[in-house]
Amino acid sequence: MDIQASDILVAGGGIGGLAAALALSRQGAGVQLIEQARAFAEVGAGVQIGPNVTRILRDWGLEPGLRLVASFPHALVARDARSGRELGSLPLGERAERLYGAPYACIHRADLHRLLLEAVQAQGVPLLLNQRVAEVHQQAGQVSVRTEQGLARQPSLLVGADGLWSCSRQALGLHDSPRFTGHLAYRGLVPLQTPPAQSQVTVWMGPRLHIVHYPVQAGRALNVVAIVHGELPSNPQDWDHAAHAAQLFQALGPISRPLRQVLEAVPNWRLWALNDRPPLTSAAQMGQGGVALLGDAAHPMRPYLAQGAGMAIEDAQVLAQCWGDKATVAERVRRYAEQRWPRNAQVQARAIRNGRIFHAHGPVGWGRNLAMGVLGARVMDVPWLYQGID
Ligand SMILES: Cc1cc2nc3c(=O)[nH]c(=O)nc-3n(C[C@H](O)[C@H](O)[C@H](O)COP(=O)(O)OP(=O)(O)OC[C@H]3O[C@@H](n4cnc5c(N)ncnc54)[C@H](O)[C@@H]3O)c2cc1C
């Protein structure tokens, strides 16, 4: 079957869904996007985007917009959360550009979402809000989608970009639930009077905890995320909770004074329960027939490699490249899934490993500190990741 104009339906208007709609429409494919929310919105938190991702955004013509709203750290600095001691650092800035051909950036999620949304709108992609996908079936290569609001579609391709609790997964016979990681993320933004002279990503590591902060909004705010081990809040799907600093400080235990000062500057904390799925093990988990999963719908990961949104954007780029091939829908989906699943699985696994390293204590923590001090950038850099996809 060959693809018809306006025959691709993207379910979900987060970073992944918008990236897919943009990349596919840039290939000349006819795309519609449906989103359950009544308005497009993103939560108040930041994301880091590595050179593997900024390169794609550049390709899509988004670099000028990115330059206005992102911050571009000169280094990633790791510190001991208890003593405050610097453990090691990875130069980013000019080194990332030189080695990987694109910058390392930190951006507020709402800014990244807006850049993508404006580009999708400029492509003329129809965006239908308040449409929550409730049923997805695939039989003999025919996909059927129905929303709670009564919309019915039979697209040639469904791009399931409906996030962690994806309903689109059903069409691939995937009925398993995400798993709670035992980790909680406290997130907040500190307004900055003046942008820092030099922007950097700082990671504080300690027993069963780590904290990351970096400037966003072109240096007008500091994004802070503190990860601790803890209990699942009452409703796992209601992931965004109000939180109190006292709860966080109790969970952290003793920390260095400079770190405490950063955390005390956060005016409001939000608490997120972190869920993931085990790393992918086959292409069939990313796409079959007329259904392609993308982003967190396919491979939700722990945020310890800072690549969940990045992998969604890479997925979108590869899906669009496969769409350029002369082939049937099923063959294009097969090529997409074959290309993407090993890399996504590798990133998922590395994120799990990073969590263990960041939160280590005793001899393992001691070994980590020693390795970072002696080998520095060599253990902190991730060339296979930042080199990106072709
Ligand atoms: C603490 C934390 C820090 C992170 N830091 C980083 C980072 O530094 N770098 C990075 O790259 N990533 C990071 N991530 C990961 C990143 O946020 C996610 O991987 C990314 O946002 C996933 O995008 P998505 O579009 O796949 O899913 P989502 O953002 O979840 O979007 C899914 C969309 O689908 C919609 N939807 C859901 N169900 C339906 C339905 N049934 N019908 C219609 N619409 C539906 C939702 O409303 C939503 O708009 C972090 C995550 C966390 C929790």
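Here are a few things to note about the model shown:
- When each of ARG302, ARG340 is tested for being touching an Asp or Glu at 6+ places or on another chain (Cβ under 6 Å), open to solvent by 20 Å² or more (accessible area, probe 1.4 Å), within 14 Å of the ligand (Cβ to nearest atom) and of a type in the set (Lys, Arg), the lone residue that passes is ARG302.
- The range 149-171, subset in a loop (DSSP other than H, G, I, E, B) and free of Cβ contacts under 8 Å to residues at least 60 places away in the same chain, residue least open to solvent (accessible area, probe 1.4 Å): GLY150
- Residues of the range 305-327 satisfying the condition of being open to solvent by less than 10 Å² (accessible area, probe 1.4 Å) and outside any helix (DSSP H, G or I): GLN307
- Just one of the listed residues (VAL347, VAL382, VAL329, VAL333) is touching a Cys at 6+ places or on another chain (Cβ under 9 Å), β-branched (Val, Ile, Thr) and closer than 30 Å to ALA21 by Cβ, namely VAL333.
- When HIS113, HIS74, HIS108 are checked against the criterion of being touching a residue at least 12 places away in the same chain (Cβ under 8 Å) and open to solvent by 60 Å² or more (accessible area, probe 1.4 Å), a single residue qualifies: HIS74.
- Test: residue in the range 128-137 that is open to solvent by 60 Å² or more (accessible area, probe 1.4 Å), over 23 Å from ILE389 (Cα atoms), within 14 Å of the ligand (Cβ to nearest atom) and in a helix (DSSP H, G or I): no
- Odd one out for ALA11, checked against (1) surrounded by fewer than 24 Cβ atoms within 10 Å (Cβ to Cβ); (2) among the small types (Gly, Ala, Ser); (3) near the ligand (Cβ under 8 Å from one of its atoms): (1)
Yes/no per residue for (1) in a strand (DSSP E or B); (2) within 14 Å of the ligand (Cβ to nearest atom):
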| site | (1), (2) |
| --- | --- |
| ARG114 | no, yes |
| VAL125 | no, no |
| VAL145 | yes, yes |
| LEU174 | no, no |
| ALA185 | yes, yes |
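- When the range 236-291 is filtered for residues that are part of a helix (DSSP H, G or I) and under 30 Å from ASP315 (Cβ atoms), the ones remaining, listed by number, are ALA283, ALA284, GLN285.
The values are calculated or read from the model by the stated rules, or taken from the named source; none is laboratory data. Quick caveat: nothing in here was measured; it's all calculated off a predicted structure. All Cβ positions, even for glycine, are placed from backbone atoms using ideal geometry, and neighbour counts span all protein chains on display. What goes into the accessible areas is simple: the full protein's heavy atoms, side chains included, and nothing from ligands, DNA or RNA. Shrake-Rupley method; radii C 1.70, N 1.55, O 1.52, S 1.80 Å.
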